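Asker: Got a structure for you, written out below as C-alpha cells; questions coming shortly.
The values are calculated or read from the model by the stated rules, or taken from the named source; none is laboratory data. Here the structure is a predicted model, which is why all the values come from computation and not from measurement. Here Cβ is always computed from backbone atoms with ideal geometry, including for glycine, and neighbour counts include all displayed protein chains.
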Ligand code: ADP
Ligand code: ASP
Ligand code: MG
C-alpha cells in the first residue's frame with residue numbers, strides 16, 4: 001500500500017479568531033482529508049491573544065526605577081505567550097472530531113519540536129515526527145500548536161512573533177509534505193501591504209529571495225525565518241486566504257518566474273528608531289566600542305551612518321527597533337567611559353520604507369527613481385541603505401503611507 005501524500009495547512013490568528021472561524025478552517029482541513037491527504041494543521045493563537053499575553057508579562061515585570069529596562073525572565077515570557085496556541089490546537093482538534101475527522105492536538109514539546117535555548121526568538125534545531133507519522137498510519141490527523149518548541153533544558157520556547165509560519169514550514173520539511181499552505185486574512189502576497197495601498201496587486205508568484213527581503217523589511221505576511229527554511233529545504237510554499245478560494249501566491253525559486261519586474265514589491269516598517277551619538281572621537285576602534293556592547297546586549301542594529309568628521313570628532317547614527325531603544329540607551333550609557341561621547345539623541349518617530357526586486361541586479365536607476373518620487377512629495381530621507389536587491393530609507397513616520405503609495409505608483413506596481 002502506498003502512503004498518502006502529506007499536506008501542511010497553517011492558520012493564522014484571524015483565521016482562528018473565534019469558534020465560527022475555527023469551524024471554517026476545519027472545513028478546509030476536512031476537504032483536504034477527503035482529497036486523500038494526511039494533514040498536519042499548524043495553528044496560531046486567536047487574533048490579539050499573543051499581544052494580550054505579552055501585555056501581562058510586561059505588566060508583571062514593570063519595576064519602576066529598575067536599572068535594566070526591558071529585561072524579564074524570557075523563559076517565563078515563553079511559558080506565558082506559548083499558551084495561546086495550546087488553546088487553539090485543542091479547539092481545532094475538537095472541532096475536527098465533531099466533523100468526523102480523527103485528529104489530536106500536539107504541543108511543541110509533545111512532537112517534539114526541538115529548539116535552541118534563545119527564549120523569545122528560539123530557532124528550530126530538529127523535529128521528531130515519529131509519533132505524528134505513527135498516528136497518521138492510524139488515520140489520525142495532527143493539529144500542532146505553532147510558534148513553540150522545547151529547549152535542550154526541557155523548557156518551553158517560542159520562535160519570535162509570527163513564528164507559526166516557521167513551525168509550518170519546518171513541519172512541511174520534516175514530513176516531506178507535498179505543500180505548505182499558509183492560510184491568512186489576505187489571499188496572497190501583494191506588491192505592498194494592501195492595508196496601506198488599495199491599488200496593491202496580488203502576485204501569482206514571488207521568488208524566495210524577494211520574499212525573504214520583503215519579510216525581513218516589514219511585510220509580516222510571512223515570518224522571515226519561514227521563507228529562509230522553505231528556500232533551504234525546497235518546500236513548496238503557498239500563501240492563500242482562509243475566507244475565499246481564490247488562487248494564492250506561490251513562493252518559489254527565481255528560475256520558475258517568467259514575468260520579471262525590476263521592482264517586485266514595497267515593504268514598510270513602522271516601529272523603528274534612529275539613535276545618534278553626538279561628538280564621538282573619530283579614531284580606530286570607536287565603532288567596535290559602540291556596536292560591540294549593543295550586539296552582546298541583544299540589540300539588533302540595522303542601518304549605520306557615520307557623519308562627517310570635524311576636529312577629530314564625528315556623530316554616529318544607527319537604527320534599531322523602537323522596542324530596543326531603552327535597552328540600547330542603557331547599554332550605551334554603561335559603555336560611555338570606553339566610547340566617549342557628548343550625548344545620545346533618540347528620534348523614535350521614524351519608519352523604514354524599502355523597495356525590493358531581483359531586477360535591480362541588472363538595472364540601474366532604482367535608487368534614483370525612489371529618491372525623486374520621495375522628493376516630489378517633500379519626504380525627507382534621514383538614512384539610506386542598499387543591498388543587491390533592495391533600497392531602504394528611513395523617513396518620518398507620518399509619511400509612511402504617502403511614501404508607500406508614491407513609490408508603488410513610481411515603479412508602476414499598480415499596473416498589470
Ligand atoms: P496571520 O495572523 O494569518 O499570520 P499576519 O497579520 O501575520 O497574518 O499577516 C497578514 C498581513 O500581512 C495582512 O493582513 C497584511 O496587512 C500584511 N501584509 C504586509 N505586507 C503584505 C504584502 N506584501 N502582501 C500581503 N500582505 C501583507
Ligand atoms: N501567535 C504568535 C504571534 O502572534 C505566532 C503567530 O501567530 O505566528 O506572533
Ligand atoms: Mg503572521
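Asker: Just the residues that are touching a strand residue (DSSP E or B) at 6+ places or on another chain (Cβ under 9 Å) and either within 9 Å of ligand 2 (Cβ to nearest atom) or at pLDDT below 90 (or both), please, taken from segment 51-81.
Answerer: 81
Asker: Taking helices (runs of 4 or more DSSP H) that do not extend beyond segment 300-397, which have at least 2 residues that are touching a strand residue (DSSP E or B) at 6+ places or on another chain (Cβ under 8 Å) and more than 19 Å from residue 408 (Cα to Cα)?
Answerer: 325-334
Asker: Please go through segment 192-216 and pick out each residue that is touching a residue at least 60 places away in the same chain (Cβ under 8 Å), more than 9 Å from ligand 1 (Cβ to nearest atom) and assigned to a helix (DSSP H, G or I).
Answerer: Scanning segment 192-216 gives 209, 210, 213.
Asker: Let me ask something else. Against the condition over 30 Å from residue 398 (Cβ atoms), surrounded by 21 or more Cβ atoms within 10 Å (Cβ to Cβ), more than 8 Å from ligand 1 (Cβ to nearest atom) and in contact (Cβ under 8 Å) with a residue 12 or more places away in the chain, how does residue 225 come out, does it pass?
Answerer: So residue 225 passes the test.
Asker: Can you tell me which residues in segment 27-42 are more than 16 Å from ligand 1 (Cβ to nearest atom) and part of a helix (DSSP H, G or I)?
Answerer: 27, 30, 31, 32, 33, 34
Asker: Only one of these is farther than 16 Å from residue 6 by Cα, surrounded by fewer than 17 Cβ atoms within 10 Å (Cβ to Cβ) and within 16 Å of ligand 2 (Cβ to nearest atom): 160, 149. Name it.
Answerer: 160
Asker: Mind listing whichever residues of segment 217-230 are under 22 Å from residue 391 (Cβ atoms) and either away from ligand 3 (no atom under 12 Å from the Cβ) or in a helix (DSSP H, G or I) (or both)?
Answerer: 217, 218, 224, 227, 228
Asker: Among the residues of segment 128-179, what is the count of those that are free of Cβ contacts under 8 Å to residues at least 12 places away in the same chain and touching a helix residue (DSSP H, G or I) at 6+ places or on another chain (Cβ under 6 Å)?
Answerer: So the count comes out to 0.
Asker: Could you figure out which of (1) more than 10 Å from ligand 1 (Cβ to nearest atom); (2) over 19 Å from residue 47 (Cβ atoms) isn't true of residue 189?
Answerer: (1)
Asker: Residue 220 fails exactly one of the following numbered conditions: (1) more than 9 Å from ligand 1 (Cβ to nearest atom); (2) under 18 Å from the mean Cα position of the chain (by Cα); (3) under 24 Å from residue 270 (Cα atoms). What is the number of that condition?
Answerer: (1)
Asker: Then there's this: So which pairs qualify, if the first residue must be in segment 11-22 and modelled with pLDDT under 95, the second must be within 16 Å of ligand 3 (Cβ to nearest atom), the Cβ gap must be under 6 Å, and the two must be at least 6 apart or on different chains?
Answerer: So the pair list comes out empty.
Asker: Determine if segment 162-178 includes at least one residue that is assigned to a loop (DSSP other than H, G, I, E, B) and closer than 28 Å to residue 355 by Cβ.
Answerer: Within segment 162-178 (the criterion being assigned to a loop (DSSP other than H, G, I, E, B) and closer than 28 Å to residue 355 by Cβ), the answer is yes, since at least one residue qualifies.
Asker: Taking the conditions exactly as written (in contact (Cβ under 8 Å) with a residue 40 or more places away in the chain, surrounded by fewer than 19 Cβ atoms within 10 Å (Cβ to Cβ), within 16 Å of ligand 2 (Cβ to nearest atom) and under 24 Å from residue 183 (Cα atoms)), does residue 43 satisfy them or not?
Answerer: No: the conditions fail for residue 43.
Asker: Starting from residues that are farther than 19 Å from residue 237 by Cα and crowded, with 23+ Cβ neighbours inside 10 Å, keep the ones in segment 1-32 and report whichever is nearest to ligand 3 (Cβ to nearest atom).
Answerer: That would be 16.
Asker: Going by what's in this entry, would residue 287 be described as in contact (Cβ under 8 Å) with a residue 40 or more places away in the chain, within 29 Å of the chain's Cα centre (by Cα) and surrounded by fewer than 19 Cβ atoms within 10 Å (Cβ to Cβ)?
Answerer: no
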